[in-house]
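What follows draws every value from the coordinates through simple rules; no lab data is involved. Quantities reported herein were computed from a predicted structural model and do not represent experimental measurements. Every residue, glycine among them, receives a Cβ derived from its backbone with ideal geometry; neighbour counts consider all protein chains shown.
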Amino acid sequence: MLNPDNYTRSLRQWFYGVAGLPWTFSRMKTGRAGNEGSLLVLCYHRIVGRRRRGGFCDNHLFINLPEKVFIRQIKWLTRRYQVVSLDRVLSGHRLPQRSALITFDDGFTDIYEIARPILNFFRLPATLFLIGSVIRERKIPWITRLHWLLDHAREKGLKLGDPSLPGKNGYPGGYADILAGTKALLKEKDIHEIDEYLSGLEERLGAAPPRELAERRFISDEKIRDLCSMGWTVGNHTDHHLNLASLGHERVCGEIKDAAGALSRFKGCRPVLAVPFGVEGSFSPQTVDAARMCGMEYVFTTCGGPNRFPGSGAVLDRVICETFSGLYFRFLASGGKKAAENTLARMRPARRRQ
Ligand SMILES: [Zn+2]
């Protein structure tokens with residue numbers, strides 16, 4: 001299914017899905033699915049009950065996955081992999097040859113409302129990566145504030161005529177560009193600068209998020225405790241969801257330790273970190289070293305998958321699953337995208353030499 005909010009991205013996914021079919025099937029035919037002695041880690045954000053029109057924040061391809069697609073992916077997963085708990089990964093014991101771990105980032109309420117009953121039905125455990133400041137102060141993360149702001153501006157037909165905002169200013173349809181551009185602009189900044197910048201924009205547009213947004217959108221302590229009692233685990237997603245690659249050692253440690261302090265109230269809390277954004281460029285070898293120094297046993301990225309396990313060290317790559325295309329999802333899960341990117345990366349220096 002194509003998402004009208006982002007046709008280009010949807011079409012690109014279909015293209016990759018179809019182009020990657022030979023790879024995907026070759027991996028599956030050999031019974032490996034790219035996963036012999038390996039661990040596939042899936043990364044989700046929000047699972048939404050039905051597609052809601054009108055709100056970019058509540059209906060876009062970047063972090064939302066419709067419930068029925070989630071069910072389809074989980075069914076596919078259980079037929080081909082053994083889903084394991086984070087504790088089993090941390091135990092250091094040998095894992096089944098084709099293991100998978102399910103993770104959710106940022107701690108949205110719909111994980112409890114929608115994903116939990118589905119995973120309970122299949123008797124599958126999962127891990128939540130939570131943001132420290134949301135847990136400690138019920139502070140709305142800057143990314144959610146930004147999504148809210150753009151949503152509001154679009155609904156009211158307001159122009160985001162801020163010269164420092166990149167993208168095609170203010171025209172519906174160009175919001176994906178504005179969102180991506182502003183995220184890129186802000187993720188290099190300090191949290192105080194980001195807060196100030198967003199407050200300025202909110203004031204100018206009259207679009208401050210309602211007080212209850214944090215309560216409504218982010219999972220409560222009580223619900224997290226309930227999930228922990230069902231065997232779910234909780235991991236660290238830093239204190240403010242900043243781009244760790246842009247921070248020095250001390251500040252990376254501060255982000256991790258502050259979040260660890262806030263999350264220690266949950267009995268399911270484990271020493272693992274999911275790097276915010278998680279793509280290449282949002283972390284560095286120094287980030288991983290800092291995380292290890294702060295006691296994190298594994299650092300999860302979103303650089304694709306699957307991982308050799310054991311053997312991939314402290315960094316575990318995850319596959320982002322927010323796509324409507326089943327073909328593309330299978331291509332990602334079978335490691336096709338990662339393999340293609342590795343091949344391209346190997347080709348690049350050779351090209352430069354020419
Ligand atoms: Zn996140």
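Ranked for footprinting exposure by Cβ neighbours inside 10 Å, fewest first, ASP226, ASP105, ASP110, ASP221 give ASP221, ASP226, ASP110, ASP105. For the pair ARG80 and ILE118 in one chain, pulling the backbone fully straight at 0.36 nm per residue adds 11.9 nm over the alpha carbon distance.
Anything over 24 Å Cα to Cα? Flag those among LYS189/LYS267; LYS183/LYS267; LYS139/LYS183, in the order listed. Cα-Cα > 24 Å for LYS189/LYS267; LYS183/LYS267; rest within. Remark: the LEU185-VAL279 segment gains 32.2 nm on full extension, using 0.36 nm per residue and subtracting the alpha carbon distance. Legend: calculated FRET efficiency, ASP87 to SER246, from the Cβ-Cβ distance at R0 = 51 Å, rounded to 0.05, equals 0.95. Here the label points at ARG138 and LEU344, each 7 Å from Cα along the C-beta direction, are separated by 4.4 nm in the simple model. Stretched out straight at 0.36 nm per residue, the stretch from GLN286 to LEU11 would grow longer than its current Cα-Cα span by 95.4 nm.
The order of ARG265, ARG80, going from fewest to most other C-beta atoms within 10 Å of their C-beta, is ARG265, ARG80. Please list, or write none, the aspartates and glutamates whose alpha carbon is within less than 20 Å of the alpha carbon of LYS338, excluding same-chain residues fewer than 8 places away. By straight Cα distance, LYS338 reaches GLU36, GLU280, ASP317, GLU322. Please say if segment 214-335 is rounded, prolate or oblate, where rounded means a/c under 1.5 for a ≥ b ≥ c the square roots of the C-alpha gyration tensor eigenvalues, and otherwise the choice is prolate for a/b larger than b/c and oblate otherwise? Because a/c hits 1.5 or more and a/b fails to exceed b/c, segment 214-335 counts as oblate. Under the simplified labelling scheme, the ARG204-CYS228 pair shows an inter-label distance of 4.2 nm, with each label point 7 Å from Cα along Cα→Cβ.
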